[in-house]
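Contents: one structure, followed by commentary.
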Amino acid sequence: MDIKALGSKDWGANVAEIATAEPTRRDFLFIATGAVGAVGVAAVAWPFINQMNPDAQTIAAGAPVEVDLSPIAEGQIVKLFWRGKLIFVRHRTKKEIEEAEKVDVASLPDPQPDSARVKDGHAQWLVVYGNCTHLGCVPLGNQGAYDGWLCPCHGSVFDTSGRIRQGPAPTNLPIPPYAFLNDSKIRIG
Amino acid sequence: MKKTTLLIAGALAATLAAFAPAHASGTEKPPRVSWSFAGPFGTFDRAQLQRGFKVYREVCSSCHAMSRVAFRNLAEPGGPGFSEAQIKALAAEYKIKDGPNDQGEMFERPGRPADRFPAPFPNENAARAANGGAYPPDFSVLAKARTYERGFPWFLFDIVTQYQEQGPDYIHALLTGYADPPQGFPLQPGQSYNKYMAGNAIAMPKPLSDGQVEYPKGPDGKPAAPETVDQYAKDVTAFMMWAAEPHLEARKAMGFKVILFLIVFAGLLYFTKKKIWARVHDEAHA
Amino acid sequence: MSGHSTYVPKSPVMKWFESRLPLFGLIHSSFVAYPTPRNLNYLWTFGGILSFMLVAQIVTGIVLVMHYTPHATMAFSSVEHIMRDVNYGWLLRYLHANGASMFFIAVYIHMFRGMYYGSYKAPREVLWILGVIIFLLMMATAFMGYVLPWGQMSFWGATVITNLFSALPIVGEPIVTWLWGGYSVDNPTLNRFFSLHYLLPFMIAGVVALHVWALHVVGQNNPTGVDIKNPAKDAVPFTPYATVKDAFGLVCFLVVFAWFVFYVPNYLGHADNYTEANPAVTPAHIVPEWYFLPFYAILRAIPNKLMGVIAMFSSIAVLVFLPWLDTSKVRSAVYRPLFKQFFWVFVAVCVGLGYLGAMPPEGGYVIAARVLTAYYFIHFLVILPLLGLFETPRPVPASIADAVLAKHGGGAAAAVAMGAASAPSKK
């Protein structure tokens with residue numbers, strides 16, 4: 001038997017005929033079946049999508065961490081991690097605090113006074129996320145024109161308050177949620 | 001034709017059965033326990049899981065680890081239903097090894113909900129050394145790692161009856177199966193006789209006795225559940241089953257919805273198929 | 001996948017594309033206009049079900065790999081991590097683990113259907129052999145997949161099956177060492193099995209494409225075993241007729257699948273595999289997954305190590321020669337009264353071997369396994385060749401349409417069909 005010969009019949013026409021004949025009840029059945037099938041496919045898709053979200057262990061591991069500030073010397077920047085994200089804890093010198101406070105806030109790309117970036121009475125401690133707000137590289141400490149940070153990837157310059165001063169980064173280094181438990185101890189998260 | 005086939009199949013089954021050697025072993029089949037988590041709508045009994053956890057904590061945990069279960073799991077849906085505050089307080093009662101710190105040393109700190117249950121022994125060798133060479137198995141998945149032979153034809157019926165509790169039944173039986181050995185039964189020093197253990201000699205001494213664990217009191221001042229070996233065994237086994245399958249409730253609940261959906265969908269497809277094929281069949285009759 | 005498509009692109013964009021790559025024409029001619037015998041029963045929906053299962057296994061597998069760690073010290077924990085912590089991880093793993101069993105249930109039904117209706121006979125020999133290759137690849141994939149959770153059965157299954165190769169004289173030991181990447185089953189073994197377990201399904205997909213291609217060249221067999229003669233009378237277009245029927249068959253199959261996944265997810269597995277691999281302790285009963293049990297029974301039935309291995313591999317290899325071992329001119333068992341009975345005996349023997357594969361290798365079980373193993377080979381090597389020579393087949397209908405009419409239209413049409421069908425269908 002030559003299967004090729006079968007191709008000569010236009011099956012497509014038959015299909016169209018079936019779909020159009022006896023419209024209402026049949027159409028409703030087809031639409032209902034198709035709709036239920038679509039709902040099924042969508043419902044099945046969700047577990048496959050959601051499995052890529054953080055799992056229960058990852059979420060639980062993101063509990064707050066406590067940091068002892070006493071070993072951090074003046075002028076020193078310490079790196080630590082919370083939820084896998086890099087955080088800078090900077091013990092600022094008097095000079096660095098002054099530099100950060102005397103800036104004309106209105107002239108900044110992302111205007112924010114230094115007082116809004118530190119906790120009251122703890123101006124010597126700056127706690128910021130350690131990834132550049134441009135594309136996530138780690139800026140180098142105590143570098144750049146403002147003695148803050150300089151990002152080696154694309155040249156963003158941050159000041160001693162972690163604010164963006166020059167370069168492509170759109171915003172200041174964000175502040176993680178934290179609180180002082182006492183003068184030498186903070187809890188991040 | 002069908003008859004011949006049936007005859008052949010019957011003859012074959014009979015032959016197979018005739019060949020089956022009798023199992024000469026004194027191990028008894030565990031009795032069936034009525035578990036709240038069995039069947040298509042099974043759910044855990046929260047109070048039972050909480051009691052079971054208490055039994056595990058006060059009795060079993062001195063030898064048996066449960067290192068895949070975290071304190072946070074105790075507050076998760078489908079589990080024993082402890083509150084967040086309860087598990088925080090509970091976790092803090094444990095000392096967890098952490099580190100190294102900035103000096104490069106390991107240190108101990110109070111537990112957090114994210115920590116897993118600390119193990120009684122640092123490793124298997126230490127566990128064996130402390131238990132006369134026997135290794136007390138980790139409880140995390142033990143309820144799924146234990147079973148007993150169902151045999152023909154029961155193993156086929158289990159698909160339909162959804163009997164999946166061979167593990168819990170075995171564990172409950174084992175915990176309640178301690179007895180005096182029959183006359184002349186050879187037991188090594190340190191071994192006990194157990195009706196359900198393979199070979200009947202078990203290295204674990206009888207772990208539970210009546211009144212050993214204090215259960216929470218009900219409003220009438222009496223314990224919420226009997227403080228007996230049988231009840232302890234049931235409760236700790238239920239707790240172990242939850243630990244082995246923490247999403248059991250979610251699984252069964254979702255299964256009901258999925259199967260209902262599939263049956264409705266199959267019905268719709270059946271009628272769609274009939275409509276579409278009607279044309280061909282009409283033609284055949286024409 | 002053959003012949004000229006009747007697909008006519010409507011929009012200018014589609015015309016432009018189609019004249020450069022006639023993809024939609026190919027899809028149209030393969031899965032829309034393709035002439036399907038009108039008398040296919042529900043056993044023919046298993047081809048579609050198998051395609052679905054292959055895709056389902058690949059998709060759930062890819063997703064599981066996102067959370068799995070192929071390392072001897074971490075594999076078991078990572079699987080437990082999936083079961084406990086990953087969002088819907090328990091669902092994905094149970095789908096994948098039970099999916100493998102469902103895949104084999106479907107493939108066995110598909111294979112026995114092919115044997116019953118003589119779907120391996122000319123001109124479908126290549127189609128059948130491609131199917132045997134898919135079956136072999138499936139077995140390899142399933143075996144290596146079962147090793148990945150690194151439980152006791154994983155470890156000891158890997159040990160026992162790789163040790164099969166040590167039966168070979170001289171080269172046996174070096175081959176086993178080479179397979180292991182060491183002197184025992186260990187982390188290197190796990191890593192390579194993981195790599196191959198990921199690779200083989202895509203090879204299966206490739207061979208499936210050839211299988212479907214071959215199917216579309218020679219056309220589908222059908223319960224009568226008679227080829228399509230007049231497509232207008234004997235066939236219906238694949239879409240919507242076969243597609244909607246396949247869809248219905250698939251959803252019914254999914255009900256069974258869902259039953260296992262949600263209600264008895266560990267029924268088809270082994271309790272021992274929830275104990276982490278321990279090279280110092282072998283479980284009391286080493287048994288493979290249920291779908292390997294008949295072959296395992298054949299392996300154990302033979303007391304000689306090398307001969308046992310040869311017998312086991314031969315039991316699969318013999319399938320390749322089935323198109324030539326069956327000498328009957330008639331395809332379908334419907335018209336072969338003797339073959340039909342021997343077919344069901346063969347099915348019972350396969351089930352019996354499966355049962356024996358799960359029993360301990362002692363006493364009467366061994367004798368029974370030997371008897372059934374002998375029968376397994378006798379079926380292929382003696383019964384099938386002789387049956388074709390001595391069996392008198394019933395008259396075969398002249399065409400599919402005649403057979404359908406005989407069934408639906410009653411006696412008159414049937415008489416016509418019988419009269420026209422004195423000679424067995426032969427092109």
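Structural remarks
- For the protein assembly as shown, B:Cys60, B:Cys63, C:Cys252, C:Cys350 stand unpaired, since no other cysteine beta carbon lies under 4.7 Å from theirs.
- Once backbone amide H atoms are built at 1.01 Å from N, A:Gln166 has A:Val157 as its partners under 5 Å, excluding neighbours fewer than 5 places away on the same chain.
- Working from label points 7 Å from Cα in the Cα-to-Cβ sense, the C:Asn278 to C:Thr327 distance is 5.7 nm.
- As a calculated quantity, the FRET efficiency between C:Arg20 and C:Val55 at R0 = 35 Å, using C-beta atoms, amounts to about 0.80.
- Cα lying deepest toward the dipole's positive end in segment C:199-318, options C:Val251, C:Phe313, C:Pro223, charges on Cβ: C:Pro223
- Listed by chain and number, the lysines whose C-alpha is less than 22 Å from the C-alpha of B:Lys29, apart from same-chain residues fewer than 8 away, are B:Lys144, B:Lys195, B:Lys206, B:Lys234.
- Between A:Lys185 and A:Leu69, the built amide H atoms are under 5 Å apart, and every one of these is 5 or more places off in sequence or on another chain.
- Principal axis extents of the Cα atoms in segment A:58-188, from largest to smallest and rounded to whole angstrom, are 37, 32, 23.
- Two-site FRET efficiency, A:Leu140 against C:Leu196, from Cβ-Cβ distance with R₀ of 35 Å, rounded to 0.05: 0.20
- Shielding by partners for peptide C:204-213, expressed as the average number of C-beta atoms from other protein chains within 10 Å of each residue's C-beta, is 0.
- Dipole-positive endmost among C:Phe31, C:Ile298, C:Asn191 within chain C (Cβ charges, Cα centre): C:Phe31
- For peptide A:45-55, the mean count of partner chain Cβ atoms within 10 Å of a residue's Cβ comes to 5.
- Peptide C:155-162 shows a mean partner chain C-beta count of 0 within 10 Å per residue C-beta.
- More than 20 Å apart - percent of Cα-Cα pairs taken over segment C:28-129: 55 percent
- Long-range amide H partners of C:Arg394 with built H, under 5 Å: C:Arg336
- Kirkwood hydrodynamic radius over Cα pairs of chain C, then Stokes diffusion coefficient at 10 °C and 1.306 mPa s, in µm²/s: 67 µm²/s
- Diffusion coefficient, µm² s⁻¹, Stokes-Einstein with Kirkwood Rh over alpha-carbon pairs of segment C:133-282 at 25 °C and 0.890 mPa s: 128 µm²/s
- Dividing the Cα radius of gyration of segment B:86-171 by its Kirkwood radius returns 1.19 for Rg/Rh.
- Once the chain from C:Met307 to C:Met66 is taken as fully extended at 0.36 nm per residue, the excess over their C-alpha distance is 82.6 nm.
- Packing-based ranking, highest mean first, of B:52-60, A:68-76, B:197-205 given that Cβ atoms within 10 Å are counted: B:52-60, B:197-205, A:68-76
- Ellipsoid semi-axes in whole angstrom, largest first, where each is sqrt(5λ) of the Cα gyration tensor of segment C:168-217: 33, 16, 4
- Cβ crowding within 10 Å averaged over residues, with A:35-41, C:131-137, C:318-324 ranked highest first: C:131-137, C:318-324, A:35-41
- Helix runs (DSSP H) in chain C reaching 18 Å along axis by Cα, Kyte-Doolittle at least -0.5: C:46-65, C:89-116, C:125-147, C:187-218, C:243-263, C:305-320, C:337-358, C:363-378
- Pairwise centroid distance, computed over Cα atoms, of segment C:274-305 with segment C:308-340, Å: 27 Å
- Debye intensity ratio in log₁₀ form over the Cα atoms of chain B, taken at each q of 0.10, 0.15, 0.16 Å⁻¹: -0.72, -1.26, -1.36
- Cα gyration tensor of the protein assembly as shown - equivalent ellipsoid semi-axes, whole Å, descending: 58, 42, 26
- Summed over qualifying helices (DSSP H, 4 residues or more, each -39500 (n - 2.57)) and divided by its residue number, the protein assembly as shown shows a 222 nm mean residue ellipticity of -16000 deg cm²/dmol.
- Between A:Phe81 and B:Leu187, the simple spin-label model (points 7 angstrom out along Cα→Cβ) gives 5.2 nm.
- Nearby lysines by direct alpha-carbon distance to A:Lys94 (threshold 19 angstrom, same-chain neighbours under 8 apart not counted): A:Lys102, A:Lys119
- Where Rh is the Kirkwood radius over Cα pairs, Rg/Rh for segment C:69-149: 1.17
Any read-out appearing in this document is the output of simple, stated calculations on the displayed coordinates, not a laboratory observation. Please read all numbers here as calculations on a predicted model, not as lab measurements. No Cβ is skipped: glycine too gets one built from the backbone with ideal geometry, and neighbour counts run over all protein chains shown.
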